[in-house]
Amino acid sequence: MAGEKKGLQLLDFWVSPFGQRCRIALSEKGLPYEYLEQDLGNKSELLLRSNPVHKKIPVLLHDGRPVCESLIIVQYIDEAFPGKDGKPALLPADPYARAQARFWADYVDKKLYDCGTRLWKLKGEAQQQARKEMLEILRTLDGALGDGKFFGGEAFGFADVAIAPFTAWFLTYERHGEFSVEEECPRLVAWAKRCGERESVAKNLTPPEKVYEFICGMKKRFGIE
Amino acid sequence: MAVAAAAGAGGELRLLGTWSSPWVIRVRVALGLKGLSYEYLEEDLASKSDLLLRSNPVHGKVPVLLHGGRPVCESLVILEYADEAWPGVGPPLLPSDPYDRATARFWAAYVNDTFLPAFRALFRSLTEEQRAAAFENAVPKVEALDRALAECSKGKPFFGGDAVGLVDVALGSHLVWIRAVNEVAGTNLLDGARFPGLAAWAERFLAVDAVREVVPDAGKVLEQYKGFRAKWIAAAGSTSKST
């Protein structure tokens, strides 16, 4: 066993949207857990023991047993604690709806974070390319949402948990890409507001200005203007 | 075995694919293991069908499974869908215990996100230098998978235990390509001497009926690979020695 404690512990990093997916899921399920902030510049024994393969956060420890990779953690939370205190499941019951939810969570994993990183790190032609791709990604998500309340339809679920933390990064993308998410993707922004009204999201997302400050700090460290 | 009935439940099945795509092979193996019948439609990726572009507007890629006309995209999503849409039809690809499910998903994701990009670098390498560097980078990933096999199988034949599971299908479907690349590159990525567990597993996987029925001919895959390399070499204007 990696850890020794009973119950749930989350190894995480304050601004990580991947970690926030787990925090939102735990909150939605009403599950108490111990939050353990990690120093990624000086990784703890516990983190290295718990995720020897990737050495990354987030890691969920359940009675000392580690679960790694944010979307895998969210599904684990959903499956290990079904109907806890009458809280609804994050993944819907219908297999086709589940497949759609997994598809969109996977889409965000494949595209959003990397494109966002290129958008703030790069300059010139490469940054313009990242800007173009980011707009395409956001428009695709806007289209997928359609007139639905959430990505899963009426109920907040797995795909929403997967994507919501990135709404805190919209401001950073906007300032680096010089565009307005609201103008380009009004439905996505409306959805972000609806998510923000949920306690699980409101208390776990980093305020957008703080994300921007963090990225500015990262740029200084990398010697980027 | 209620094959026709199973396929009928919820509508007919069609699979859009290409004959040598390992991601398509994953789905064909899974459907075969479950005894589900489907119409297979070969796509020309240089000239994608309307059906493909309509069914997978986001990525435009194969495989796409159409169930009663509704598309499911991304091979691992399709595999989990197959388990859930036809519960009790053939052994499940995923175990029932939540922690074991998380472990299986972790290693399937490892195959996709860590092993395959490393393998792809070897697959795409044109010079001796690139090959050597790519091979060196890929070996630790194979080591990790060899350890994973020992942990997940617990002495049984497959990552999934007694029966083929998600990780077996995710990794095993790439074996025919791994062998083709090994032959051309002169490398031995699944070295039986170094990784006896994984090498033995590979033989077992390829011997499973549902796998044998859908894995393309090794000679044809090799020929296709040589064709790709000839094109890349011509494009790169490379003057180095290569097969």
- line: Helix-only [θ] at 222 nm, chain B, -39500 (n - 2.57) per DSSP H run of 4+, per residue, nearest 500, equals -17000 deg cm²/dmol
- prompt: Looking at segment A:77-164, which GluC sites (Glu not before Pro) are DSSP coil and have at most 14 other C-beta atoms within 10 Å of their C-beta?
  reply: A:GLU154
field: Gyration tensor verdict on chain A (Cα atoms; rounded if a/c is under 1.5, prolate if a/b is larger than b/c, oblate otherwise)
entry: oblate
message: Skipping prolines and chain starts, which residues have an amide H placed within reach, meaning under 5 Å, of the one on B:TYR40, given they are 5 or more residues away or on another chain?
response: B:LEU15
task: Measure nothing but the geometry: give the 0 to 90° angle between the long axis through the Cα atoms of B:128-153 and the longest principal axis through the Cα atoms of chain B, rounded to 10°.
output: 40
field: Tilt relative to chain B, helix B:175-185 - C-alpha long axis, 0 to 90 degrees, to 10
entry: 10
- line: antiparallel share of DSSP beta bridges within segment B:13-85, to nearest 5, in %, is 65
Calculated from backbone phi, Karplus (6.51, -1.76, 1.60) coupling profile of segment A:165-173 in Hz, x at Gly/Pro: x, 6, 5, 5, 9, 4, 4, 4, 5
- prompt: What shape does segment B:60-137 have by the C-alpha gyration tensor, where a ≥ b ≥ c are the square roots of the eigenvalues, rounded means a/c under 1.5, and otherwise prolate means a/b greater than b/c and oblate the rest?
  reply: oblate
- request: Restricting things to alpha carbons, tell me how big chain B is in terms of Rg and Dmax, in Å.
  value: 18.4, 57
task: Only Lys, Arg, Asp and Glu count, each charged at its Cβ (+1, +1, -1, -1), so figure out the dipole size of chain B about its Cα centre, rounded to 20 debye.
output: 440
task: Compute the normalised compactness of the protein assembly as shown: alpha-carbon radius of gyration over 2.2 N^0.38 Å, N being the residue count.
output: 1.00
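Report the trypsin sites (Lys or Arg not before Pro) located in segment A:51-88 that are in a DSSP loop and have at most 15 other Cβ atoms inside 10 Å of their Cβ, or state none.
Values: sites: A:LYS55, A:LYS56, A:LYS84; in loops: A:LYS55, A:LYS56.
Filter output for segment A:51-88: A:LYS55.
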task: Show the residues, 5+ positions off or on another chain, whose built amide H is closer than 5 Å to the amide H of B:VAL64.
output: B:LEU16
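Under the rule of -39500 (n - 2.57) per DSSP H run of 4 or more residues, summed and divided by the residues of chain A, what mean residue ellipticity at 222 nm is obtained, to the nearest 500 deg cm²/dmol?
It comes out at -17000 deg cm²/dmol, rounded to the nearest 500.
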query: How big is the gap, in Å, between the Cα center of segment A:8-55 and the Cα center of segment B:41-91?
result: 34
task: Compute the signed sum of charges (Lys and Arg +1, Asp and Glu -1) over the other residues within less than 11 Å, Cβ to Cβ, of A:ILE24.
output: +2
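Counting other Cβ atoms within 10 Å of each Cβ, which GluC sites (Glu not before Pro) in segment B:124-173 have at most 14 and sit in a DSSP loop?
When the GluC sites (Glu not before Pro) of segment B:124-173 are filtered for loop state and at most 14 Cβ neighbours within 10 Å, nothing remains.
Based on Cβ point charges of +1 for Lys and Arg and -1 for Asp and Glu, what charge dipole magnitude is obtained for the protein assembly as shown about its Cα centre, in debye rounded to the nearest 20?
I would put it at about 720 debye.
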Burial ordering of A:ILE72, A:ILE224, fewest other beta-carbon atoms within 10 Å first: A:ILE224, A:ILE72
- prompt: If you place +1 on the Cβ of every Lys and Arg, -1 on the Cβ of every Asp and Glu, and leave all else neutral, what size is the dipole of segment B:13-85 about its Cα centre, to the nearest 20 Debye?
  reply: 20
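Where a number appears in this text, it was derived from the coordinates with a stated rule and is not lab data. Here the structure is a predicted model, which is why all the values come from computation and not from measurement. Cβ coordinates were reconstructed from backbone atoms using ideal geometry, including for glycine residues, and neighbour counts include every protein chain displayed.
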